[in-house]
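Below: the structure, in structure tokens.
The values are calculated or read from the model by the stated rules, or taken from the named source; none is laboratory data. Since the model is a prediction, treat every value here as computed from it, not as a measurement. All Cβ positions, glycine included, derive from the backbone under ideal geometry; neighbour counts span all protein chains shown.
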Amino acid sequence: MSCTLATGQLRALMQRIELGAIDYAILIVYFAFVLGIGWIVRRSVRNSDDFFLSGRSIPAWVAGLAFLSANLGAQEVIGMAASGAKYGIMTSHFYWIGAIPAMVFVGIFMMPFYYGSRARSVPEYLKLRFDEKTRGFNAATFAVMTVFSSGISMYALAKLLELVLGWSFHMSVLLSAVIVLCYVFLGGLTSAIYNEVLQFFLIVTGFLPLVLIGLRDAGGWAGLKAQLATVATNAGYAPGVWSESWRHLDAPGANPMGVEWFGMVMGLGFVLSFGYWCTDFLVVQRAMAANSMIAARRTPVLAAIPKMLFPALVILPGMIAIGMHVTRGGLLPATADGTPNYNLAIPALLAHYLPSGLLGLGLTALMASFMSGMAGNVTAFNTVWTYDIYQSYLRPGRSDRHYLRMGHAATVFGILASVAAAYATTRFNNIMDMLQLVFAFVNAPLFATFLLGMFWRRATGHGAFFGLLTGTVVAAIHHGLTLPRGTPAGLKGAFLGAVLHTYPSEMAQNFWTAIFAWTACFVATIGISLATRRTKSDADLQGLVYALTPRQPDDRLPWFKRPAMLGAIVLGLTLLLNLIFW
Amino acid sequence: MNLDVRLPIGLMFMAFGVLLTGYGLFSSDTIYQRSLGVNVNLWWGLVLVAFGIVMLALAGRRRRGQGTTE
């Protein structure tokens, strides 16, 4: 309901904008290149390994940018800007305490097992390390999640085009689905990765002018801080809450996120971010496609370098938008309950600042981000479906040709399912909160399983499977018994009837759901493992567990190619960013 | 892989840059009120052309076999 109201209001706001021929020209050039890459790359797809894993031939820097870009879907661009407006610079913790340390960790400590085991997917690693049922559980939940995320990307894109261009929702869904379908169908993962690199540069060059103009208009960082101080005091907080990332984390009531430092560091940093970046096949697949072990280990670490600067591109616009909205009035249209519609921060800024020409580039960048998110999910889905579900349970032992055909069919099916999911995505004001909820149920316990699997050889298949199940159930129970303040029982919590605890915000509830789920899985996996017999000997676990895998000597490489050295530099710079914006 | 990804990137940004620069030269000043009076199309177009040239140069260097495999 709130969406249709906001649509009407924004359309009134956006009527001043007319897309010119130049804007359409840029859009068409982009589409031509995207499809052209798929067309050229299709010749390199000869077997299923080429289609699903790019034949393990991608250089580290290309894989790294794709690693970054695959995650640049609706969640990143619309969600992060929305959170930037709603919570201010504290949103940067998703990067500076969340993504970056996790990316360094997966590159240095986990890639040796993912890449070294020659597993073709994350679920397949679970089968090699644990057993069939653990793989099945992970493959099934992951398949559902990717389709869901891809649907959200598509929904956000279609909604946006409806607002800005007046295109019909159905036509936008169809258009984006067909383009992504074409290039993934033709060139498989290679095509997706190449387009992700293209999209990375497009997103940077499309949004940077917006940020520069917006910041200049606000009077630089000092001017923006002054505006944000008004935002904060109007909302009843200390003046620095929107522009200082750590100072207001001593109590949940002191900031709009409703989180204190422990929930932030443990829930978002340790559990959710490590859970996502270290175990989500969508991103790990990009590193698995790298052309050597050392390139695979460098992939996430190289990706972390631009990643740590991304708050300037995706969170800062949200902060600029809310600053303008409050101090100059009415940039963001209101939702039905009277709060500003944060999801429209970026589109509203695009419409406000960019003239025809750059407007086309900015819109193309937005479309690129949605498509890369969608394609990332679709390529991960078709791989997990074909290798971990179809080949494992439905039709084992067929020819490679057969599975390649299945991969093509799964691409079509995955996109159709995402279209269905797109139509189901209209309930939450802030897409980010909803995604965090899904991640909390599925991903939070998963990281405990991987941590124990990779670093403790005694962890057994039964332990892993029932530990995961326990973690997911605990997540659901915790969510079902708690409620964010001021929301009705239902999807957002308390669906089990009773309310044992009320959190100040959805974000806080999600972080704590994750903490509970992770802890439950960790404890249950250890307990059950100790009570069950090991089914895999030390010899079976070679290359799968830290203590049983030979170290990778990298001291013959120059320092800037060593994963550990790069990781240390990245962490140092991230610490510096945390201190500057403390 | 036969295709160096820097080639399509370079070509695409050259195309964007030329389109924007050209439009910036011939569009009227009134549309730049919203961008604080700066002809952003012209300037950003030139930036994109420069970026495109750098990408094409890198791709070309590798094609001649002098670049690293990195």
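Worth pointing out:
- Just one of the listed residues (A:Ser243, A:Ser273) is more than 27 Å from A:Ala475 (Cβ to Cβ), among the hydroxyl-bearing types (Ser, Thr, Tyr) and in the same structural domain as A:Leu72 (by TED's automatic domain parsing), and it is A:Ser243.
- Pairs are defined by a Cβ separation below 7 Å, a sequence spacing of at least 6 or placement on different chains, a first member in region A:523-536 that is over 9 Å from A:Ala464 (Cα atoms), and a second member that is not hydrophobic (A, V, I, L, M, F, W, C); the pairs so defined are A:Thr532/A:Thr460; A:Thr532/A:His462; A:Thr532/A:Gly463; A:Arg534/A:Arg458; A:Arg534/A:Thr460; A:Thr535/A:Asp131; A:Thr535/A:Thr460; A:Thr535/A:Gly461.
- Members of region A:520-574 that are in contact with an Asp or Glu (Cβ under 8 Å, 6 or more places away or on another chain) and either more than 26 Å from A:Ile97 (Cα to Cα) or among the polar types (S, T, N, Q) (or both): A:Thr535, A:Leu548
- Any hit, region A:492-507, residues being at pLDDT below 85 and assigned to a helix (DSSP H, G or I): yes
- Taking region A:307-353 as the range and being in contact with a Ser or Thr (Cβ under 9 Å, 6 or more places away or on another chain) and within 14 Å of another protein chain (Cβ to nearest Cβ) as the test, only A:Tyr353 passes.
- Of all residues making up region A:135-146, the number that are under 15 Å from A:Leu416 (Cβ atoms) and surrounded by fewer than 24 Cβ atoms within 10 Å (Cβ to Cβ): 2
- Cβ-Cβ distances below 8 Å connect the following pairs, each with a first residue in region A:85-107 that is within 18 Å of A:Arg247 (Cα to Cα), a second residue that is among the acidic types (Asp, Glu), and a separation of six or more residues or different chains: A:Ile89/A:Glu244.
- Among the residues of region A:121-176, those identified as at pLDDT 90 or above and of a type in the set (A, V, I, L, M) are A:Val122, A:Leu126, A:Leu128, A:Ala139.
- Residues of region A:337-350 classified as of a type in the set (Gly, Ala, Ser) and modelled with pLDDT under 85, total: 1
- The set of residues in region A:282-317 being among the polar types (S, T, N, Q) and within 14 Å of the chain's Cα centre (by Cα) consists of A:Gln285 alone.
- Contact annotation: no residue pair with Cβ atoms under 9 Å, 6 or more positions apart or on different chains, pairs a residue in region A:218-237 that is in contact (Cβ under 8 Å) with a residue 40 or more places away in the chain with a partner that is acidic (Asp, Glu) and buried (at least 21 other Cβ atoms within 10 Å of the Cβ).
- Yes/no for A:Leu331 being free of Cβ contacts under 8 Å to residues at least 40 places away in the same chain, assigned by TED's automatic domain parsing to the domain that holds A:Asp49 and touching a helix residue (DSSP H, G or I) at 6+ places or on another chain (Cβ under 6 Å): yes
- Scan region B:3-34 for residues that are in a loop (DSSP other than H, G, I, E, B), more than 7 Å from chain A (Cβ to nearest Cβ) and either of a type in the set (A, V, I, L, M) or surrounded by fewer than 18 Cβ atoms within 10 Å (Cβ to Cβ) (or both) and the total you get is 2.
- Residue match in region A:124-143 (condition: in contact with a helix residue (DSSP H, G or I) (Cβ under 9 Å, 6 or more places away or on another chain), within 30 Å of A:Pro550 (Cα to Cα) and not in a helix (DSSP H, G or I)): yes
- Restricting attention to region A:339-377, the residues that are farther than 16 Å from A:Ser153 by Cα and assigned to a helix (DSSP H, G or I) total 13.
- Checked across region A:398-407, the condition of being in contact with a Pro (Cβ under 8 Å, 6 or more places away or on another chain) and either farther than 30 Å from A:Val104 by Cα or of a type in the set (A, V, I, L, M) (or both) holds for no residue.
- Condition broken by A:Val326, with the remaining ones in (1) β-branched (Val, Ile, Thr); (2) crowded, with 18+ Cβ neighbours inside 10 Å; (3) farther than 30 Å from A:Pro484 by Cα satisfied: (3)
- Unmet criterion (only one of (1) assigned to a helix (DSSP H, G or I); (2) buried (at least 24 other Cβ atoms within 10 Å of the Cβ)) for A:Ala226: (2)
- Selection within region B:35-44 - under 13 Å from A:Leu212 (Cα atoms) and within 8 Å of chain A (Cβ to nearest Cβ): B:Ser35, B:Leu36, B:Val38, B:Val40, B:Trp44
- Among the residues of region A:537-567, those that are more than 23 Å from A:Ala119 (Cβ to Cβ) and without any contact (Cβ under 8 Å) to a residue 40 or more places away in the chain comprise A:Asp555, A:Arg556, A:Pro558, A:Trp559, A:Phe560, A:Arg562, A:Met565.
- Filter pass, A:Leu186 being part of a helix (DSSP H, G or I), within 12 Å of another protein chain (Cβ to nearest Cβ) and modelled with pLDDT of 90 or more: no
- Condition met for A:Pro209 (in a helix (DSSP H, G or I), within 14 Å of chain B (Cβ to nearest Cβ) and either touching a Leu at 6+ places or on another chain (Cβ under 9 Å) or buried (at least 18 other Cβ atoms within 10 Å of the Cβ) (or both)): yes
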